[in-house]
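Here the structure is laid out as C-alpha cells; the discussion comes afterwards.
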Amino acid sequence: MENIIRIENLKKSYGKNTVLDGISFNLGKGEITGLLGPNGSGKTTLIKIITGLIKDHEGQVLIDSQKPGVHSKSLIAYLPDRSYLPDWMKPVDAINYFADFFADFDKQKALEIMPRFGVDLNQRLKTMSKGQQEKVNLILVFCRKAKIYVLDEPLGGLDPAARGAILDFIVENRSEDSTILLSTHLVNDIESIFTRVLMINSGKLIVNSDIDEIRKTGKSLEDVFKEVFPYVW
C-alpha cells in the first residue's frame, strides 16, 4: 500500500514540556486510522502538525511526499475539535462559504444531505445543539473530494443513533483511496470502521497496529485500549 503520510522521529515541546517524543509511523492510501489516547497525550498536537498548523517541530513529516504546505493543504480536509464557523451563520451560509473557499467542495451534495440528517438549512448555528453543529461540520468536511480527512474528536456531541448514521455517511461518502485519520475517545462505538489504530500516551506511540491483527488475538479494540490505558477507566 502506497503511503500518503510519513512521520519519522517527530518531536514537539512547549518549553520544558515534551508533547511528542520521537513518534514514527506511516499511513497508506485508503486507510481509516483511529488515533486514540487520553486527554493530554499529544493527539491534537500531532494533528495540527500534520495539517500544517504547527511548524516548529523536530523530525520529518511528509504528506504525499512533501512537507506540509500549500500542496498538503490542497489534499487535506480538516475538522478541528472546536467549531470554527461564526455562530451567526446558518448552514446554508456555511455551504456557500465552503463552495467559495474550496474548489473540491460539492455544494449540491451538501444542500441535499443536511436535511436528511435533520439539519435545518436556515437555522442559526448559535441556536443549535452541540450535536447538530457537529453534524453540520462533518457534512461540510465530507462534501469535499479530499485525499486526506483529518478529524479531531468529531462525534462527542452526538447520541449513539446519530453516531451510527454519521459513521455510515463517512464510509459511504469517501473515495476508496482517500485516507482518514480520526482522533476519538469513543472506542467501542467507532472501532468497526477502522483499518488501523494508533495509540499514544505521554507523547510516545504505544500501539501501531492493523485492526485485523488485533482481532486475530481474540481481543476487541476496547480490550486493548483498557490494557494500554487502565487508569482512564
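The values are calculated or read from the model by the stated rules, or taken from the named source; none is laboratory data. Remember, predicted model here, so these are calculated numbers, not experimental data. All Cβ positions, glycine included, derive from the backbone under ideal geometry; neighbour counts span all protein chains shown. For accessibility, only protein heavy atoms count, side chains too; no ligands or nucleic acids. Shrake-Rupley method; radii C 1.70, N 1.55, O 1.52, S 1.80 Å.
At a glance:
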{"item": "Accessible area per residue, Å², the stretch 10-131 with all protein chains present, probe 1.4 Å", "result": "52 Å²"}
{"item": "Kirkwood Rh and Cα Rg combined as Rg over Rh, evaluated for the chain", "result": "0.96"}
{"item": "With Cα atoms, 0 to 90° folded angle of helix 91-101 axis to the chain main axis", "result": "70 degrees"}
{"item": "For Ile193, solvent-accessible area (1.4 Å; no DNA, RNA or ligand), Å²", "result": "20 Å²"}
{"item": "Local electrostatic count at Arg82 - Lys and Arg +1, Asp and Glu -1, tallied over other residues with Cβ under 13 Å", "result": "-3"}
{"item": "Amide H within-cut-off set for Leu79, under 5 Å, with H built and near neighbours excluded", "result": "Val150, Leu151, Asp152"}
{"item": "The stretch 1-77-the stretch 85-124 distance, computed between alpha-carbon centres (Å)", "result": "29 Å"}
{"item": "Set of aspartates and glutamates with alpha-carbon distance to Lys29 below 15 Å, sequence-local pairs under 8 removed", "result": "Glu2, Asp64, Glu176, Asp177, Asp210"}
{"item": "Heavy atoms of Val119 accessible to a 1.4 Å probe, total area in Å² rounded to 10", "result": "10 Å²"}
{"item": "Among Arg163, Arg124, Arg215, residue whose mean-square fluctuation peaks in a GNM of the chain (springs only between Cα atoms under 10 Å)", "result": "Arg215"}
{"item": "For the stretch 156-163, Karplus couplings with θ = phi - 60° (6.51, -1.76, 1.60), whole Hz, Gly/Pro x", "result": "x, x, 9, 6, x, 5, 5, 4"}
{"item": "Distant-in-sequence amide H partners of Val19 (H built 1.01 Å from N, under 5 Å)", "result": "Lys12, Ser13, Tyr14"}
{"item": "Accessible heavy-atom area order of His57, His185, highest first, probe of 1.4 Å", "result": "His185, His57"}
{"item": "Vicinal HN-Hα couplings computed from phi for the stretch 114-128 (Karplus, 6.51 cos²θ - 1.76 cosθ + 1.60; Hz; Gly/Pro x)", "result": "4, x, 5, 9, x, 8, 7, 5, 10, 8, 5, 4, 5, 9, 8"}
{"item": "Whole-percent carbon and sulfur share, accessible surface of the chain, 1.4 Å", "result": "47 percent"}
{"item": "Amide H contacts of Val207 (H built 1.01 Å from N, under 5 Å, at least 5 apart or other chain)", "result": "Met199"}
{"item": "Solvent-accessible ranking of Lys29, Lys55, Lys147, largest area first, probe 1.4 Å", "result": "Lys55, Lys147, Lys29"}
{"item": "In order through the stretch 68-79: 3J(HN,Hα) via Karplus (6.51 cos²θ - 1.76 cosθ + 1.60), integer Hz, x for Gly, Pro", "result": "x, x, 4, 5, 5, 5, 6, 9, 9, 9, 10, 10"}
{"item": "The chain: most fluctuating residue of Val70, Val207, Val61 per GNM, C-alpha cutoff 10 Å", "result": "Val70"}
{"item": "Straight-distance crosslink candidates among lysines, where the alpha carbon sits under 20 Å from Lys11 and sequence neighbours closer than 8 are dropped", "result": "Lys43, Lys48, Lys55, Lys67, Lys204"}
{"item": "Where only C-alpha atoms are counted, convex hull volume of the stretch 96-175 per residue in Å³", "result": "98 Å³"}
{"item": "Three-way shape call for the stretch 105-233 based on the alpha-carbon gyration tensor, with the a/c threshold at 1.5", "result": "prolate"}
{"item": "Dipole of the stretch 1-124 [Lys/Arg +1, Asp/Glu -1 at C-beta], most positive-end residue of Thr33, Ile76, Asn17", "result": "Asn17"}
{"item": "Dipole magnitude (debye, nearest 20) for the stretch 113-188, charges at Cβ of Lys, Arg, Asp, Glu", "result": "300 debye"}
